[in-house]
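The values are calculated or read from the model by the stated rules, or taken from the named source; none is laboratory data. From a predicted model like this one, the values you see are computed outputs, not experimental measurements. All Cβ positions, even for glycine, are placed from backbone atoms using ideal geometry, and neighbour counts span all protein chains on display. Heavy atoms of the whole protein, side chains included, go into the accessibility calculation; ligands, DNA and RNA do not. Shrake-Rupley method; radii C 1.70, N 1.55, O 1.52, S 1.80 Å.
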Amino acid sequence: MSEAQVTFRQFLLNNRRAHGTDKDLIFLLEDIATACRIISHRIRSGAFAGTLGATKDVNVQGETQKQLDVIANEVFVKHCSNCGRVAALVSEEVDEIIWLKDRPAAGDYLVYFDPLDGSSNLDVNLSVGSIFSVVALEDALERTSDEAVLQKGSRQICAGYAIYGPSTSLVITTGSGVDGFTHQQGTGEFRLTFPDMRIPETTREFAINASRYHHWDASMRRYVDECLSGENGPRAQSHNMRWTASMVADIHRILTRGGVFIYPVDRENASMGGKLRLMYEANPLGMVVEQAGGMASTGTDRILDLPPQSHHQRVAVVMGSSDEVRRINRYYQEAQ
Ligand code: AHG
Ligand code: MN
Ligand code: MN
């Protein structure tokens, strides 16, 4: 990697010149990048520090917390609290909303994050990530109100993720395309290595946890059955399947070479509304996917248009290459 590639800071400053990015958003994004660098380090040193493995606690999602879930959350909370414009932090790992301002002003930021995504991969040394997004409050608030964080994904002004894989990468959008940066050991900088990431419209690769087949509805089975039936089936071509159990890692692959990621509402998770979280997973990654030319849907509705009912809400997710998302939407429509 060359030092000629622009640093994250240079990129953000260029973006400010080209698109008028708010300087406080630049400070916040630099703090988020710092948080991700620290989390990357804490993950890589987990086996030495004795921080792999679970805690005794269960989070608000009803899932056992890993020690690194807790650590990553603390790092995000600490670093996202630096910027004077942040009104509230909304974390997958914290039951309540963390209000940093008593009387937020119009334009103040709400920051949403899944501090560690795919944390079941930690103990087996596979890729994990962090997901984040930012919404600017439309109006000032007289007092803090938890309802104020229930903002549609279409109001996000920025979204992104870090992936802690063979290298640590940071991928962001501020609403004008998607750009990827790689953390350079030595200089410590994130450098622009994947400018203007685009998702191909067509793909022959899908990502779904197929062990849940027996819970799926007819539309989901139809789609996957057709993919699996190969050259002699209705799709008349073979398909490939990948599932990493980290949405960040699957979406990163899709941003790199195309594909569709699916986590449907099924018979087992229907009472919760699905598995993945609207505010911490579906909305931020939905914005990234759309900005890269893909689509993000529930199978029936555009994810970014959903009016949230609660901040820990779950949702069905179908996102990636637009031809496949459209096809799955059609199968759901035809089943109605
Ligand atoms: P998290 O670690 O933040 O709880 O997220 C895990 C999510 C998502 O990243 C992944 O795609 C999915 O859960 C994996 O679900 P399965 O265990 O059903 O494969
Ligand atoms: Mn997650
Ligand atoms: Mn998580």
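Quick rundown of the values:
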read-out	value
Residue 176 vs. criteria open to solvent by 20 Å² or more (accessible area, probe 1.4 Å), among the small types (Gly, Ala, Ser) and more than 16 Å from ligand 2 (Cβ to nearest atom)	yes
Failed item, numbered, when residue 212 is tested on (1) more than 22 Å from residue 113 (Cβ to Cβ); (2) away from ligand 1 (no atom under 16 Å from the Cβ)	(2)
Lone qualifier among 177, 186 - being among the small types (Gly, Ala, Ser), more than 22 Å from residue 324 (Cα to Cα), in a loop (DSSP other than H, G, I, E, B) and not assigned by TED's automatic domain parsing to the domain that holds residue 285	186
Test: residue in region 214-230 that is within 16 Å of ligand 2 (Cβ to nearest atom) and among the aromatic types (Phe, Trp, Tyr)	no
Residue within region 31-43 that is free of Cβ contacts under 8 Å to residues at least 12 places away in the same chain and farther than 30 Å from residue 140 by Cα present	yes
Residue 77 open to solvent by 20 Å² or more (accessible area, probe 1.4 Å), assigned by TED's automatic domain parsing to the domain that holds residue 39, within 16 Å of ligand 2 (Cβ to nearest atom) and hydrophobic (A, V, I, L, M, F, W, C)	no
Selection count, region 244-281, where residues are crowded, with 23+ Cβ neighbours inside 10 Å and within 21 Å of residue 196 (Cα to Cα)	11
Options 122, 89; residue that is over 25 Å from residue 287 (Cβ atoms) and either within 15 Å of ligand 3 (Cβ to nearest atom) or touching a residue at least 60 places away in the same chain (Cβ under 8 Å) (or both)	122
Candidates 89, 126, filtered to the one that is buried (at least 19 other Cβ atoms within 10 Å of the Cβ), among the aliphatic types (A, V, I, L, M) and within 18 Å of the chain's Cα centre (by Cα)	89
Any hit, region 139-158, residues being in a strand (DSSP E or B), under 12 Å from the mean Cα position of the chain (by Cα) and buried (at least 23 other Cβ atoms within 10 Å of the Cβ)	yes
For residue 113: the one exception among (1) within 16 Å of ligand 1 (Cβ to nearest atom); (2) under 18 Å from the mean Cα position of the chain (by Cα); (3) assigned to a helix (DSSP H, G or I)	(3)
Filter pass, residue 170 being of a type in the set (A, V, I, L, M, F, W, C), within 16 Å of ligand 2 (Cβ to nearest atom) and in contact (Cβ under 8 Å) with a residue 40 or more places away in the chain	no
